[in-house]
Amino acid sequence: MKHCITLDDFSADEVNALVHLAIDMKNNPESYRDCFRGKVLLMLFQKTSTRTRISFEVGFGRFGGQVVVMDWGKSNFSISPIEYEARYVSSQTDILMARLKHHSDVINLARHSRAPVINGCDDKFHPCQALADLVTIYENAGTFQGQTLVYVGIHNNVANSLACGLSQVGGKLVLVTPETNQAADDPALMERLMATGLVERTTDLKAAVSKAQFVYTDTWIDMEFFNDESYQDEKKRRVAQMIPYQLNEENLSGSDAFIMHDMPIHPGFEISEEMVYHPRSIIFQQADNRLYAQQALMKFLLENTGS
Ligand code: CP
């Protein structure tokens with residue numbers, strides 16, 4: 001069974017094909033009308049979401065599919081082993097999208113599912129976001145070759161998925177990440193990706209930005225901890241450490257790079273407010289492209305369940 005737990009579940013050719021399919025689904029929606037008719041998508045949420053919820057639900061429904069949305073805490077996933085619940089829900093539906101807290105639970109869900117499982121963002125990977133980001137980069141640059149994206153912030157699930165995705169399609173990722181989320185830390189993965197020559201780390205923000213076609217940031221605090229009272233001291237520590245790395249006029253002076261952020265945005269923290277609506281900001285294009293990237297991913301997996 002083919003799943004999407006990380007973009008490494010796909011070959012380079014498949015990732016390229018997904019990008020081009022997403023762009024075609026965006027530009028020629030009439031060609032895909034009813035392509036999800038008769039199919040059921042289950043969305044399982046253990047964490048909050050705006051874009052992932054909208055893009056999957058609207059994207060699947062727009063082409064005739066039926067969507068069931070399930071809150072983990074209000075379902076019996078919360079009181080029974082994943083394997084039994086996974087076996088049942090996947091016998092009643094055609095494809096699953098799960099936004100769970102722990103990567104190990106997404107793997108467990110996929111292991112026991114009889115339908116393809118899409119990782120809708122866990123603590124280690126966010127492949128759906130990275131796929132939409134590749135679509136956005138391709139739309140703006142027309143190629144991945146020779147394109148450098150500088151990711152500035154905490155090394156997290158998005159950074160891992162950008163590293164997987166960009167290295168597959170031949171783009172370059174430079175990480176300016178003074179800190180790594182524990183759950184996203186995978187030295188073996190980074191060693192393998194850095195060996196491609198397409199993923200690098202540096203502490204020199206100015207030098208990195210000066211060579212970038214795209215500059216990207218993300219939240220310094222993962223969504224499940226953002227309003228957690230017990231995380232507030234860590235939040236303060238991170239803000240003090242990371243504020244020199246904010247995407248703002250000063251740090252981007254002299255750069256003509258496109259500005260990216262996967263949202264939700266925390267203005268005044270990882271990005272200054274003026275950068276969000278800057279003429280070079282493609283942040284809302286990125287968010288818009290979630291829908292087409294997710295449509296392409298679901299179409300591909302529904303047609304390749306056995307591979
Ligand atoms: N970027 C992203 O995944 O957005 P949501 O958390 O709102 O789904």
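The values are calculated or read from the model by the stated rules, or taken from the named source; none is laboratory data. The shown structure was predicted, so the numbers you read here are calculated from the model rather than taken from an experiment. So basically every Cβ, Gly included, is an ideal-geometry build from the backbone, and we count neighbours across all protein chains shown.
Overview of values
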| quantity | calculated |
| --- | --- |
| Region 246-262 - residue that is more than 25 Å from R51 (Cα to Cα) and in contact with a helix residue (DSSP H, G or I) (Cβ under 7 Å, 6 or more places away or on another chain) and, of those, farthest from the ligand (Cβ to nearest atom) | G254 |
| F36 vs. criteria in contact with a Gly (Cβ under 7 Å, 6 or more places away or on another chain) and of a type outside the set (A, V, I, L, M) | yes |
| Tabulated pairs, region 147-166, first over 19 Å from R192 (Cβ atoms) and crowded, with 24+ Cβ neighbours inside 10 Å, second acidic (D, E) and at pLDDT 95 or above, C-beta under 7 angstrom, 6+ apart or interchain | G153/D218; G153/E270; I154/E179 |
| Only one of I265, I283, I271 that is within 16 Å of the ligand (Cβ to nearest atom), more than 19 Å from S49 (Cα to Cα) and crowded, with 16+ Cβ neighbours inside 10 Å | I271 |
| D122 vs. criteria of a type outside the set (V, I, T), part of a loop (DSSP other than H, G, I, E, B) and within 16 Å of the ligand (Cβ to nearest atom) | yes |
| Test result for F144, assigned to a loop (DSSP other than H, G, I, E, B), within 16 Å of the ligand (Cβ to nearest atom) and either in contact (Cβ under 8 Å) with a residue 60 or more places away in the chain or on the phi < 0 side of the Ramachandran plot (or both) | no |
| Test result for N227, within 16 Å of the ligand (Cβ to nearest atom) and farther than 18 Å from L131 by Cα | yes |
| Looking only at region 30-52, and only at residues there that are surrounded by 14 or more Cβ atoms within 10 Å (Cβ to Cβ) and part of a helix (DSSP H, G or I), the one that is farthest from the ligand (Cβ to nearest atom) | Y32 |
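For (1) within 16 Å of the ligand (Cβ to nearest atom); (2) part of a strand (DSSP E or B); (3) within 17 Å of A293 (Cβ to Cβ); (4) in contact with a strand residue (DSSP E or B) (Cβ under 7 Å, 6 or more places away or on another chain), each residue gets a yes or a no:
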site	(1), (2), (3), (4)
I54	yes, no, yes, no
G59	yes, no, yes, no
G64	no, no, no, no
V68	no, yes, no, yes
G73	no, no, no, no
S80	no, no, no, no
Y84	no, no, no, no
Y88	no, no, no, no
S91	no, no, no, no
